[in-house]
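Participant: Pasting a structure below so you can have a look.
The values are calculated or read from the model by the stated rules, or taken from the named source; none is laboratory data. On a predicted model such as this, the values are computed, not experimentally measured, just so you know. Because the Cβ atoms are built from the backbone with ideal geometry, glycine has one as well, and the counts that use them run over all protein chains shown. Accessible surface is based on the protein model in full, side chains and every heavy atom, while ligands, DNA and RNA are left aside. Shrake-Rupley method; radii C 1.70, N 1.55, O 1.52, S 1.80 Å.
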Amino acid sequence: MKIKTKLNLGVGLLFVMIIILTLVSAFYIFSIKKDTENILKANYNTLEYSRNMLLSLDNINADAEKAIITFETNLNKQNRNITEVGEDSVTRSLLKNFELLKINSTDERLKSQIRQDIFEIMKLNMTAIKQKSDIAKHTAETANLWIAITGTFCFLIAFNLLVNLPNNIADPIKELTASIKEIANKNYSERVHFMNHNEFGDLARSFNTMAQKLEEYHDSNLYKLSFEKKRLETLINNMHDPIIGLDDQGLILFANDQALKIIGMKSEDVIGKIATTLALTNDLMKSLIAKNLEIESKMSGQKILPMKIFADGKESYFEKENVNITIQPTGEDQTIDIGDVIILRNITPFKELDFAKTNFIATISHELKTPISSIKFSLNLLERKQTGILNDEQKHLVESINDDSERLLKITGELLELSQVETGNIQLNIEKSDPYQIVHYATEAVKVQAEQKQIELLVETDDNLPMIKADSEKTSWVLINFLTNAIRYSSEKSVIKVKLKSDGNQILFTVVDTGKGIDKRYLSKVFDKYFQIPGSHKTGTGLGLAISKEFIEAQGGTIGVESELGLGSTFYFKMLSA
């Protein structure tokens, strides 16, 4: 039986019994009231009329007229209030004798007869009062019995509901609650066993079905995938680098705590939103999704600078890496793009170390330059005849010291140049410069070195080239560095070509040598600081090309190299036309 049906039957029966109890009580109270009113109306009034008639009859000798009127009034009331058996004949006799008494008010025999009739009426009503009193008493006893019986039934029904109903409802709920806790603890084999044909039975069957499906889900690959997804999310959130994941439509799939921290937004404001929409109000997000700008920078060879972001209470540096995620669907040959992952690597500690290193190098180079210059000055004094004549061995030592001091002076100069570039203190005087003049200055500067190795410098230039926007001194320094390296790695009696031509809105400076060339493995590292090609002469510092790259890019130009092992190298840079 359904719980609802049980409740309806139990409460409904109790409600019916309460109504019956109320009706029985009202019926018997009304019956007792009716019996009481009957006694008052039918008998008590008659006794009152009889008493008044007796008093009037006793006063008839003193005031006959008034006594007769009072007697007649009460007699008429009595005549209208005849309720008992035999009372009507006695009342008629009383009327007859009263009519005779009015004619002869002094007849004592009539008065005695009238008294007997009045006493007879009183006797009849007294007897009736006793009988009706017994009836009312019996009615009250019957009322008590039925009220007690009805009340007992109500009590039994209420007590039965009180004892059984809470247990019938609470026990299944307790068992269901315990089973739910087991399910929450991943005990998916838990089942409930009350299978009554009621609401709890339906609930138990639904619960067991749910537990069975959860058990199947737990054992399925879907659960394992979901578990791995949560593991991956936890791993991403615990990474110290900011990470943001996008789908192929630019929808943000995930962002770890570090990413949310630097963006300055909450998870619910980021996850599931379109990145381009967020970029309208968040400049950092705009920089993070600027993929096209990075592609253009890479294609043009420009250096991608680290991002400066205020994080952890200070200005921090991050290197952005955009990882494109592609998959190859089962049964297909082509891969499809499913999204991107943006990774920001915090390089602030390395940047701080680099700054410290640069400042240290700048300080040391500056401090070394003065004593080296003093050594050079002292060597010049030693070479003068006024100081004294040197023997051949002393001359050889002075020349060695001179060469070493020149090399040290060059190294310190390059280190100072590099420190200026890295600290942003480089002073550029960008103006309209003549590219022909720059080429002429550079070739003249290395002319002596080329002649020592009998190398021919062949200059090839286009006619009527425009002026360029450049610092002529720094640009000449770069071209001289290219030529110096070409001379160093070229064989004797070879040819080095210096080309100058137009390339769109840029002017292309090129140095082509016929040396042994550079292995393709090292081409991407040629312009790195302190890098020297394995197997080359360790005569340089590995800073010349790095400084050259910084000089050219600081002026808005591009720099590069093309080379094949055994076929020589081509170093070039491009400057914008004025």
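Participant: For GLU84, are the conditions met, namely being over 60 Å from the mean Cα position of the chain (by Cα), surrounded by 12 or more Cβ atoms within 10 Å (Cβ to Cβ), of a type in the set (Asp, Glu) and assigned to a helix (DSSP H, G or I)? Working first, answer last.
Facilitator: Working: over 60 Å from the mean Cα position of the chain (by Cα): yes; surrounded by 12 or more Cβ atoms within 10 Å (Cβ to Cβ): yes; of a type in the set (Asp, Glu): yes; assigned to a helix (DSSP H, G or I): no.
When the stated conditions are applied, GLU84 does not pass them.
Participant: Can you tell me which residues in region 443-499 are within 19 Å of GLY517 (Cα to Cα) and of a type in the set (Asp, Glu)?
Facilitator: GLU456, GLU492
Participant: I've got another one for you. Within 22 Å of THR570 (Cα to Cα), without any contact (Cβ under 8 Å) to a residue 12 or more places away in the chain and either of a type in the set (Ser, Thr, Tyr) or open to solvent by 50 Å² or more (accessible area, probe 1.4 Å) (or both), is that true of GLU444?
Facilitator: Details: within 22 Å of THR570 (Cα to Cα): yes; without any contact (Cβ under 8 Å) to a residue 12 or more places away in the chain: yes; either of a type in the set (Ser, Thr, Tyr) or open to solvent by 50 Å² or more (accessible area, probe 1.4 Å) (or both): yes.
Spelling it out, GLU444 is indeed within 22 Å of THR570 (Cα to Cα), without any contact (Cβ under 8 Å) to a residue 12 or more places away in the chain and either of a type in the set (Ser, Thr, Tyr) or open to solvent by 50 Å² or more (accessible area, probe 1.4 Å) (or both).
Participant: Would you say VAL512 is surrounded by fewer than 17 Cβ atoms within 10 Å (Cβ to Cβ) and modelled with pLDDT of 85 or more? Spell out the reasoning first.
Facilitator: Values: surrounded by fewer than 17 Cβ atoms within 10 Å (Cβ to Cβ): no; modelled with pLDDT of 85 or more: yes.
So VAL512 does not fit the description; no.
Participant: Would you please name the residue that is modelled with the lowest pLDDT, looking only at residues in region 540-567 that are among the small types (Gly, Ala, Ser) and open to solvent by 20 Å² or more (accessible area, probe 1.4 Å)?
Facilitator: Looking only at region 540-567, we keep the residues that are among the small types (Gly, Ala, Ser), and these are 540, 542, 544, 546, 548, 554, 556-557, 560, 563, 566.
With the extra rule that they be open to solvent by 20 Å² or more (accessible area, probe 1.4 Å), the set shrinks to 540, 554, 556, 566.
Values: GLY540: 59, ALA554: 84, GLY556: 87, GLY566: 82.
Ranking the candidates gives GLY540 first.
Participant: Shifting gears a bit: Could you go through region 34-50 and let me know if any residue there is polar (S, T, N, Q), without any contact (Cβ under 8 Å) to a residue 60 or more places away in the chain, open to solvent by 70 Å² or more (accessible area, probe 1.4 Å) and over 30 Å from VAL163 (Cβ atoms).
Facilitator: Just the residues of region 34-50 that are polar (S, T, N, Q), to begin with: 36, 38, 43, 45-46, 50.
When the remaining residues are screened for being without any contact (Cβ under 8 Å) to a residue 60 or more places away in the chain, the result is 45.
Keeping just the survivors that are open to solvent by 70 Å² or more (accessible area, probe 1.4 Å) gives none.
For region 34-50, residues polar (S, T, N, Q), without any contact (Cβ under 8 Å) to a residue 60 or more places away in the chain, open to solvent by 70 Å² or more (accessible area, probe 1.4 Å) and over 30 Å from VAL163 (Cβ atoms): absent.
Participant: For region 400-410, check the following and say yes or no: at least one residue is in a helix (DSSP H, G or I), more than 30 Å from GLY250 (Cα to Cα), modelled with pLDDT under 70 and open to solvent by less than 70 Å² (accessible area, probe 1.4 Å).
Facilitator: The answer is yes, given that some residue of region 400-410 is in a helix (DSSP H, G or I), more than 30 Å from GLY250 (Cα to Cα), modelled with pLDDT under 70 and open to solvent by less than 70 Å² (accessible area, probe 1.4 Å).
Participant: Over 18 Å from GLY557 (Cα atoms) and modelled with pLDDT under 90, is that true of GLU414? Talk me through it step by step, then tell me what you get.
Facilitator: Numbers: over 18 Å from GLY557 (Cα atoms): yes; modelled with pLDDT under 90: yes.
It is true that GLU414 is over 18 Å from GLY557 (Cα atoms) and modelled with pLDDT under 90.
Participant: State all residues of region 224-239 that are in contact with a strand residue (DSSP E or B) (Cβ under 7 Å, 6 or more places away or on another chain) and surrounded by fewer than 18 Cβ atoms within 10 Å (Cβ to Cβ); if no residue qualifies, say none. I'd like the intermediate steps shown before the answer.
Facilitator: At the first step, the residues of region 224-239 found to be in contact with a strand residue (DSSP E or B) (Cβ under 7 Å, 6 or more places away or on another chain) are 233, 236.
Within region 224-239, just GLU233 meets the criteria.
Participant: Show me the strands (runs of 3 or more DSSP E) found entirely inside region 443-509 where at least 2 residues are among the aliphatic types (A, V, I, L, M) and under 57 Å from the mean Cα position of the chain (by Cα). Steps first, please.
Facilitator: Details: elements: 456-461, 468-470, 495-503.
Filter on region 443-509 gives 468-470.
Participant: Would you be able to tell me the number of residues in region 137-170 that are open to solvent by 50 Å² or more (accessible area, probe 1.4 Å) and either over 24 Å from LEU13 (Cα atoms) or touching a strand residue (DSSP E or B) at 6+ places or on another chain (Cβ under 7 Å) (or both)? Steps first, please.
Facilitator: In the first step, residues of region 137-170 are kept if they are open to solvent by 50 Å² or more (accessible area, probe 1.4 Å); the result is 137-138, 141, 144-149, 152-153, 155-156, 159-160, 162-164, 166-169.
Filter once more, keeping what is either over 24 Å from LEU13 (Cα atoms) or touching a strand residue (DSSP E or B) at 6+ places or on another chain (Cβ under 7 Å) (or both): 137-138, 141.
Number satisfying all stated conditions: 3.
Participant: Of the residues THR281, THR276, only one is open to solvent by 80 Å² or more (accessible area, probe 1.4 Å), modelled with pLDDT of 80 or more, of a type outside the set (Asp, Glu) and within 20 Å of VAL323 (Cα to Cα); which?
Facilitator: On the way: THR281 fails: within 20 Å of VAL323 (Cα to Cα).
Unique residue meeting the criteria: THR276.
Residue-wise test of (1) among the polar types (S, T, N, Q); (2) in contact with a helix residue (DSSP H, G or I) (Cβ under 9 Å, 6 or more places away or on another chain).
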{"residue": "ARG115", "(1), (2)": "no, yes"}
{"residue": "GLN131", "(1), (2)": "yes, no"}
{"residue": "VAL163", "(1), (2)": "no, no"}
{"residue": "HIS193", "(1), (2)": "no, yes"}
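Participant: Any idea which of (1) at pLDDT 90 or above; (2) more than 19 Å from GLY556 (Cβ to Cβ) is the one ILE468 doesn't satisfy?
Facilitator: (2)
Participant: Residues in region 54-74: is at least one within 26 Å of LYS137 (Cβ to Cβ) and surrounded by fewer than 18 Cβ atoms within 10 Å (Cβ to Cβ)? Give the steps one after another, and end with the answer.
Facilitator: We begin by selecting, within region 54-74, every residue within 26 Å of LYS137 (Cβ to Cβ); these are none.
Looking through region 54-74, none of the residues is within 26 Å of LYS137 (Cβ to Cβ) and surrounded by fewer than 18 Cβ atoms within 10 Å (Cβ to Cβ).
Participant: Further, regarding this structure: When you scan region 234-278, how many residues do you find that are among the small types (Gly, Ala, Ser) and within 17 Å of LYS308 (Cα to Cα)? Before you say what the answer is, go through the steps one by one.
Facilitator: Narrowing region 234-278 to residues among the small types (Gly, Ala, Ser): 245, 250, 255, 259, 264, 267, 272, 275.
Within this subset, residues satisfying the condition of being within 17 Å of LYS308 (Cα to Cα) are 259, 264.
Adding up the residues that qualify gives 2.
Participant: Right, here's the next one. If a residue has to be β-branched (Val, Ile, Thr), surrounded by fewer than 19 Cβ atoms within 10 Å (Cβ to Cβ) and modelled with pLDDT of 80 or more to count, how many in region 94-128 make the cut? Spell out the reasoning first.
Facilitator: From region 94-128, those β-branched (Val, Ile, Thr) are 103, 106, 114, 118, 121, 127; that's our starting set.
Narrowing further to those that are surrounded by fewer than 19 Cβ atoms within 10 Å (Cβ to Cβ): 103, 106, 127.
Still in the list and also modelled with pLDDT of 80 or more: 127.
The qualifying residues number 1.
Participant: Looking only at region 252-266, count how many residues are within 23 Å of ILE325 (Cα to Cα), open to solvent by less than 50 Å² (accessible area, probe 1.4 Å) and in contact with a strand residue (DSSP E or B) (Cβ under 7 Å, 6 or more places away or on another chain).
Facilitator: Count: 4.
Participant: Please pick out the residue among SER476, SER472, SER491 that is of a type outside the set (Val, Ile, Thr) and touching a residue at least 40 places away in the same chain (Cβ under 8 Å).
Facilitator: On the way: SER476 fails: touching a residue at least 40 places away in the same chain (Cβ under 8 Å); SER491 fails: touching a residue at least 40 places away in the same chain (Cβ under 8 Å).
So the residue among SER476, SER472, SER491 that is of a type outside the set (Val, Ile, Thr) and touching a residue at least 40 places away in the same chain (Cβ under 8 Å) is SER472.
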